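Below: one structure, written as structure tokens.
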Amino acid sequence: MRRIFKLLVISILVLLVIIITRALLHTPETSSLQETVDYSLDEDLMLAHLSESIRFKTISHENSQGLNAGAFDNFQAWVSQTYSQLHQTLELKMFNGTMLYKWVGTDPTLKPILLTGHYDVVPIIPGTESLWQQPPFSGTIDDGFVWGRGALDDKSGVIGILEATSYLIAGGYQPKRTIYLSFGHDEEIGGAKGAGLVADYLEASEVQLAWSLDEGSFLLDGFLPGVDKLVATVNVAEKGSTTLQIVGKGAGGHSSMPPSQTAVGVLAEAITKLEENPMSGELDGLALAMFDTTSREMPFTLKILFANRWLFSGLIEAMLAKDPATNAMLRTTTAPTMLSASVKTNVLAIEAIATVNFRVHPRDTIGSIVDHVSAVVENNNVEVRPMAWDGFGLGQPASEVSSWESKGYQNIEQSVKNIYGNVIVAPGLMVAASDSRHYGRVADNAYRFNPFPLTRDQLAGFHGTNERIGTDDFVRGVKVYIRILELGSNQ
Ligand SMILES: [Zn+2]
């Protein structure tokens, strides 16, 4: 008995030593430090340009009603005047309102690269104008920020790329690799008539890009538990989207003599089952690479978990699943969004319908989601109906997952570290959509990242109120774009 107890104590001690040693060794890779690079820019002028760009009401509406075509034309004219040297040096091709510039490189054997963003923005929700600290289309520069719709999504990306390219042209820079710049006019409504046509054109011209860089994640400030450094997540994939209707069926009739279970009751039960049985998700592939990199900077208690996934994977996954933001990285998400049933208070519904939106993780397909849902809600009185969605047929599958070991990724990583110094760069998964859904098919690797810091406070500005970007943050982001263009076009 005593011997068994002794053995047990020794085993526990050994286990503890292993767990703690692994956590102690779970440190950032030392090679991640890079030299600092800086450029001297006319910062006030760049900020004035961003401010001016916000004043064009280039709003994409869900239906083409209310489209202010003049604003788009004026924006294009403004770009060609404001960046006149760029406009004269590069070749321009228009795809409706989308501008594709080509800067021909000296070595035609190298695959080109593409930097892209969109200059259309979403509308201001009627009635919320007064909640803005500065009018949403004023482009006011105040309190260390440039304010207005598009300041983050994505005029700062477009103007940042234009400023960076102009800087290089003015300095006599010659790229080895051909550089394409694309500025989309309809990203917020799917990008089919802009980026979609640009991708068609590149495909028809047999242009295959080494990589593309589009809007995506930012340098996240204070998003990860216990991590003080900025975390630049370079998104290497984006989730897809599909929508299903779940239909509960009943006999209908007068509400004075209802059956024990109505169509609404059937539907409610089905939705509850769906919420209780999410698509499976685990910490693997891309999410694993991201958390492996970032957890090396976390407090010791969290390091113990992430350094010992062989023991704690269940615990880690349960922890990540609790937070909607990290849960979305692990799995295809299930979101019931719309409901309808009877049209009158005293009429029983024959069909009660829930619309459920799924954001497709790269490991799943639209088919595997339909199978999962059908199995979970299985009942003779429940029907699962696929829904056509925004011109993408039954939905949009997740994108391919681009490499985070490629030259292009390394160029982006190095550029961020050259400008920002000691920050974390990790691959990430985009949970929203971007124009890269189009560019992915003409690029070996498609990356999605805006080189600007972002706090949780600013997050509410995306498609919301008080969208703003820090003036210093914008300037540093332009420098990252310059560095990306230099490294990307020369290596
Ligand atoms: Zn955007």
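A few points about this structure:
- Share antiparallel - DSSP beta bridges, the chain, percent rounded to 5: 60 percent
- Taking every protein chain into account, the accessible area of the chain amounts to 45 square angstrom per residue (probe 1.4 Å).
- Charges were assigned to the Cβ only: +1 to each Lys and Arg, -1 to each Asp and Glu. The resulting dipole of the range 240-386 about its Cα centre is roughly 200 debye.
- Given K155/K322; K239/K417; K102/K176; K239/K479, the pairs whose alpha carbons are separated by over 22 Å: K155/K322; K239/K417; K239/K479
- Qualifying lysines (Cα of each under 22 Å from Cα of K249; at least 8 residues distant if same chain): K273, K344
- Here the dipole of the chain is about 1420 debye; that uses its Cα centre as origin and unit charges on the Cβ of Lys and Arg (positive) and Asp and Glu (negative).
- Of the complete DSSP H runs in the chain, those spanning 18 angstrom or more by Cα along the long axis with a mean Kyte-Doolittle score not below 0.5 are 2-25, 155-170, 263-276, 309-322.
- Largest accessible area first, the residues S260, S406, S342 order themselves as S260, S342, S406 under a 1.4 Å probe with ligands, DNA and RNA left out.
- Computed in the context of the full set of protein chains, the accessible area of the range 283-371 at 1.4 Å probe radius has 63% of its extent on carbon or sulfur.
- Taking a ≥ b ≥ c as the square roots of the eigenvalues of the Cα gyration tensor, an a/c ratio of 1.5 or more together with a/b no larger than b/c marks the chain as oblate.
- Global geometry of the range 177-323, whether rounded, prolate or oblate, following the gyration tensor of its Cα atoms and the 1.5 cut on a/c: oblate
- Note on K193: lysines with a C-alpha under 18 Å away, same-chain residues under 8 apart excluded, are K93.
- Surface calculation, 1.4 Å probe, protein heavy atoms: T337 sits at approximately 90 Å² accessible.
- Remark: the range 425-441, residue by residue, has Karplus-estimated 3J(HN,Hα) of 10, 9, x, x, 10, 7, 8, 9, 10, 9, 5, 5, 4, 8, 6, x, 6 Hz, where x stands for each Gly or Pro and the curve is 6.51 cos²θ - 1.76 cosθ + 1.60 at θ = phi - 60°.
- Centre separation in Å (Cα based) which lies between the range 1-76 and the range 154-191: 22 Å
The values are calculated or read from the model by the stated rules, or taken from the named source; none is laboratory data. Computed from a predicted structure; not experimentally measured. Ideal geometry is used to build each Cβ from the backbone, glycine not excepted, and the neighbour counts take in all protein chains shown. What goes into the accessible areas is simple: the full protein's heavy atoms, side chains included, and nothing from ligands, DNA or RNA. Shrake-Rupley method; radii C 1.70, N 1.55, O 1.52, S 1.80 Å.
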